[in-house]
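*Asks:* This structure is in structure tokens; I'll ask about it shortly.
The values are calculated or read from the model by the stated rules, or taken from the named source; none is laboratory data. This one's a predicted model, so the numbers in the text were calculated from it and none came from an experiment. Glycine also receives a Cβ, built like all others from the backbone with ideal geometry; neighbour counts cover every protein chain displayed.
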Ligand code: PLP
């Protein structure tokens, strides 16, 4: 029946994801996105089992606010340092985990604002040396390079479908099986139970234990297809094209008069400002030329505060972009800047 086919395809997508991350289907939980996954881990696992959470200054709000909600505060949510190029200061990170062993370490993999790639394998190794548990927010990394959770060595890895060409409202939480077993269900309802009486309920094994109610079946199947597409294109081709685009964009960006560049990104995500001009004004004038960029704090308010700015203009590139689109972007940007300076 078509209902059976839907179930089959849903579970096929789980297999696809498991293979994509080099993990096992038992360790793949479907969520509605990275945000939901982090909230799930925070409220169902970390709140009751850890007294400290360690993060980096590069975190998206999705990896800050759930910790506040789970009761972590100034004393228990600890932040390592970054250097002037916005790279993780590994010595400060090591000091922090050494001083706070058995903590929960939650780290962004690629900065959504500045394209910084964190040294995730090294950080995981350091964290594990001090008996910490490690979550990696892979929202911005999955679409750019292959992910191997075994090789990274992390305990949790999360991403969102829409960052890798799938629809919105679907995401993945990978968790090491023995941790998923220890973790409480996040929500209760149908599809996740083994037995229910009026007195009590017992639950299915992971991952189903975490998939209460009717899930985003169509979204999950589409995510499986999107991953197939990415594998067909191939990360080698993706990376080659992204490097070409990144170098070209960077060269053009450095030629813009008065431009403020904060770092040399590893992934083609460019954040910049222009002296004396507000980012919102540039965004509006670009929009009028049919170019939509994001301007503002990009859900990184603490980082912007640390840099002493309110926000940036951000342009990010993917393998499907072309150098002529970059030319069109800079023509529009230069026109906007000319108008604002006049
Ligand atoms: N983490 C990072 C690094 C992100 O860039 C984003 C989204 O922009 C998120 C987490 C949150 O993802 P979602 O809104 O899909 O839950």
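For (1) over 13 Å from the mean Cα position of the chain (by Cα); (2) within 24 Å of residue 48 (Cα to Cα); (3) surrounded by fewer than 23 Cβ atoms within 10 Å (Cβ to Cβ), each residue gets a yes or a no:
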{"position": "91", "(1), (2), (3)": "yes, no, yes"}
{"position": "100", "(1), (2), (3)": "yes, yes, yes"}
{"position": "132", "(1), (2), (3)": "yes, yes, no"}
{"position": "136", "(1), (2), (3)": "no, yes, no"}
{"position": "144", "(1), (2), (3)": "no, no, no"}
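*Asks:* What residue, among those in segment 284-300 that are part of a helix (DSSP H, G or I) and out of contact with any helix residue (DSSP H, G or I) (no Cβ under 7 Å at 6 or more places or on another chain), is farthest from the ligand (Cβ to nearest atom)?
*Replies:* Once the filter is applied, the top-ranked residue is 288.
*Asks:* Restricting attention to segment 48-59, which residues are closer than 22 Å to residue 298 by Cα and surrounded by fewer than 22 Cβ atoms within 10 Å (Cβ to Cβ)?
*Replies:* 57
*Asks:* Continuing with the same structure: Which of (1) within 15 Å of the ligand (Cβ to nearest atom); (2) over 17 Å from residue 129 (Cβ atoms) is the odd one out, the single condition residue 76 does not satisfy?
*Replies:* Going through the list (1) within 15 Å of the ligand (Cβ to nearest atom); (2) over 17 Å from residue 129 (Cβ atoms), residue 76 breaks only (1).
*Asks:* Same structure, new question: Looking only at segment 178-205, how many residues end up being closer than 19 Å to residue 159 by Cβ and at pLDDT 95 or above?
*Replies:* Here is the first cut: in segment 178-205, the ones closer than 19 Å to residue 159 by Cβ are 179-180, 183, 186.
Right, trim to at pLDDT 95 or above and you get 179-180, 183.
So the count comes out to 3.
*Asks:* Could you give every pair whose Cβ atoms fall below 8 Å, whose first residue belongs to segment 29-40 and is at positive phi, and whose second residue is at pLDDT 95 or above and more than 7 Å from the ligand (Cβ to nearest atom), counting only separations of at least 6 or pairs across chains?
*Replies:* Correct list of pairs: 33/161; 33/168; 33/169; 33/170.
*Asks:* Is at least one residue of segment 29-47 more than 11 Å from the ligand (Cβ to nearest atom), assigned to a strand (DSSP E or B) and buried (at least 20 other Cβ atoms within 10 Å of the Cβ)?
*Replies:* Yes, segment 29-47 contains at least one residue that is more than 11 Å from the ligand (Cβ to nearest atom), assigned to a strand (DSSP E or B) and buried (at least 20 other Cβ atoms within 10 Å of the Cβ).
*Asks:* Determine which member of the set 236, 242, 228 is assigned to a helix (DSSP H, G or I) and without any contact (Cβ under 8 Å) to a residue 60 or more places away in the chain.
*Replies:* Values: 242 fails: without any contact (Cβ under 8 Å) to a residue 60 or more places away in the chain; 228 fails: without any contact (Cβ under 8 Å) to a residue 60 or more places away in the chain.
Exactly one of 236, 242, 228 is assigned to a helix (DSSP H, G or I) and without any contact (Cβ under 8 Å) to a residue 60 or more places away in the chain, namely 236.
To keep it simple, each residue is scored yes or no on (1) assigned to a loop (DSSP other than H, G, I, E, B); (2) closer than 30 Å to residue 312 by Cα; (3) near the ligand (Cβ under 8 Å from one of its atoms); (4) free of Cβ contacts under 8 Å to residues at least 40 places away in the same chain.
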residue: 107; (1), (2), (3), (4): no, yes, no, no
residue: 114; (1), (2), (3), (4): yes, yes, no, no
residue: 122; (1), (2), (3), (4): no, yes, no, yes
residue: 126; (1), (2), (3), (4): no, no, no, yes
residue: 131; (1), (2), (3), (4): yes, no, no, yes
residue: 136; (1), (2), (3), (4): no, yes, no, yes
residue: 139; (1), (2), (3), (4): yes, yes, yes, no
residue: 143; (1), (2), (3), (4): yes, yes, no, no
residue: 146; (1), (2), (3), (4): yes, yes, no, no
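*Asks:* Right, another one. Residues that are within 16 Å of the ligand (Cβ to nearest atom): which strands (runs of 3 or more DSSP E) entirely in segment 158-207 hold 3 or more of them?
*Replies:* Output list reads 171-175.
*Asks:* A further question on this structure: When you scan segment 82-98, how many residues do you find that are touching a strand residue (DSSP E or B) at 6+ places or on another chain (Cβ under 8 Å) and in a loop (DSSP other than H, G, I, E, B)?
*Replies:* 1
*Asks:* Regarding segment 6-25, can at least one residue be identified that is within 13 Å of the ligand (Cβ to nearest atom), outside any loop (DSSP other than H, G, I, E, B) and in contact with a strand residue (DSSP E or B) (Cβ under 9 Å, 6 or more places away or on another chain)?
*Replies:* Restricting attention to segment 6-25, the residues satisfying the condition of being within 13 Å of the ligand (Cβ to nearest atom) are none.
There is no residue in segment 6-25 that is within 13 Å of the ligand (Cβ to nearest atom), outside any loop (DSSP other than H, G, I, E, B) and in contact with a strand residue (DSSP E or B) (Cβ under 9 Å, 6 or more places away or on another chain).
*Asks:* Does any residue in segment 56-79 that is at positive phi come within less than 7 Å, Cβ to Cβ, of a residue that is at pLDDT 95 or above and more than 10 Å from the ligand (Cβ to nearest atom) six or more places away or on a different chain, and which pairs are these?
*Replies:* Listed pairs, sorted by first residue: 71/47.
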